[in-house]
Amino acid sequence: MTATPHFDRVALIGIGLINSSIARLIKRDGLAASMICCARRQETLDEARALELCDDYTTDPAEAVRGADLVVLGVPVGAIKSVAEAMQGELQAGAIVTDVGSVKATVINDLRPVLPAGVHFVPGHPVAGTEHSGPSAGFAELFDGRWCILTPEEATDEVAVEKVRAFWAHAGMRVDLMDAKHHDQVLAITSHLPHLIAYNIVGTAHDLETVTEREVIKYSAGGFRDFTRIAASDPVMWRDVFLNNREAVLEMLGRFSEDLASLQRAIRWSDGDALEELFTRTREIRRSLIEAKQA
Ligand code: NAP
């Protein structure tokens, strides 16, 4: 069993769903001697302060990272570079910087030229979340039983990687190490495309002229309801995911469109066998997911 991770000072940059969950976990288990969080808007900071998530609060990323041995970037992936630029001058040598962004390759490319030598960057993605945002949405158990993917480059300090791994393991996560590009392909099909489909189907239903909005809401238990939960996810976060994982999402979307076209053909030609064969296979996938306790 690995020792419980401990940090002198943790700086949480962004204090939304993910970082506020991290704050609660660190506080609950005493994983840091002190903790500061940084938000862009004063009202977010006030909310975090009212919840007593940290010891110190600031809107200045440079002030936040001063003296921190662990910095966690928990802002939308499109904002990571500008936040890193704002804090780079105050990062102390030997500090570990990690992130929780849903896309990895562009984040690494954005941060590589910005972070000073002697600071260890360990890119990460806890694959856990909800459709809610902001400091009040978090809870310490969010990560329990889920997977976390770390995508360090080969030259990354092993001790730093191990410390970040131990942190997520302590949070209850199973941790995999993976190449950043591969992470982006895997997440394109398991997370990004499902969100795109949900956004699309809910948008289509909203634009229909032959079925009223009242009817869509009234009869939503037929399947639509599950899509609306996903389609309620944070618009800015998801805008940034698609803009930053463009290649992998477009590749998966191409495959998806081809398969959709063959389903369309099966329906047109009353090919019940093709439909039943697919629906049987997909039911098996659901069963494996339940067995793996990821349902
Ligand atoms: P969130 O609840 O929306 O919180 C985002 C935080 O980032 C807020 O504190 C916000 O501050 C700050 N922020 C937003 N735009 C900023 C900017 N341009 N500059 C500086 N700060 C900015 O987000 P979240 O769900 O915790 O997601 C954070 C990260 O985790 C994202 O990179 C996301 O891809 C990743 N992630 C999310 C999930 C999920 O299910 N939500 C799961 C895994 C990973 P203000 O409130 O002051 O604007």
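Since every read-out is calculated from the coordinates, none of them should be taken as a lab result. This is a predicted model, so every value here is computed, not measured. When we count neighbours, we look across all protein chains shown, and the Cβ atoms used for this are built from the backbone with ideal geometry, even at glycine.
Worth a mention:
- Taking Cβ atoms as reference points and 14 Å as the exclusive limit, the residues near Ser82 contribute a net charge of -3, counting Lys and Arg as +1 and Asp and Glu as -1.
- Each of the peptides 221-234, 127-140, 97-110 was scored by the mean count of other Cβ atoms within 10 Å over its residues; in descending order, highest first, they stand as 97-110, 127-140, 221-234.
- FRET efficiency for Ile290 and Glu247, using Cβ-Cβ distance with R0 set to 35 Å, rounded to 0.05: 0.65
- Pairwise centroid distance, computed over Cα atoms, of the range 29-48 with the range 226-289, Å: 38 Å
- Computed on the range 182-291, with alpha-carbon pairs under 8 angstrom and 6+ residues apart, the relative contact order is 33 percent.
- Using only side-chain charges placed at the Cβ, +1 for Lys and Arg and -1 for Asp and Glu, the dipole size of the chain relative to its Cα centre rounds to 460 debye.
- Simple label model, 7 Å out from Cα along Cβ direction - Thr280 to Arg229, nm: 2.9 nm
- Normalised contact order of the chain, rounded percent, pairs of Cα under 8 Å and 6 or more residues apart: 16 percent
- Once the C-beta distance of Asp55 and Ala221 is scaled by a Förster radius of 45 Å, the resulting FRET efficiency is 0.50 to the nearest 0.05.
- Compared with the dominant Cα axis of the chain, that is its longest principal axis, helix 235-244 is turned about 90°.
- Potential extension, Arg214-Glu43 segment - 0.36 nm per residue separation minus Cα distance: 58.1 nm
- All lysines inside 20 Å of Lys27 as judged from Cα atoms, apart from same-chain residues fewer than 8 positions distant: Lys163
- Each of Leu243, Ile197, Val186 was scored by the projection of its Cα onto the charge dipole of the range 182-291, and the greatest displacement toward the positive side belongs to Ile197; charges sit on the C-beta of Lys, Arg, Asp and Glu.
- Residues whose amide H lies under 5 Å from that of Phe7, counting only those 5 or more places away or on a different chain, are Ala32, Ala33; hydrogens are built 1.01 Å from N in the peptide plane.
- Projected-area mean, the chain, by convex hull of Cα positions, square nanometres: 17.5 nm²
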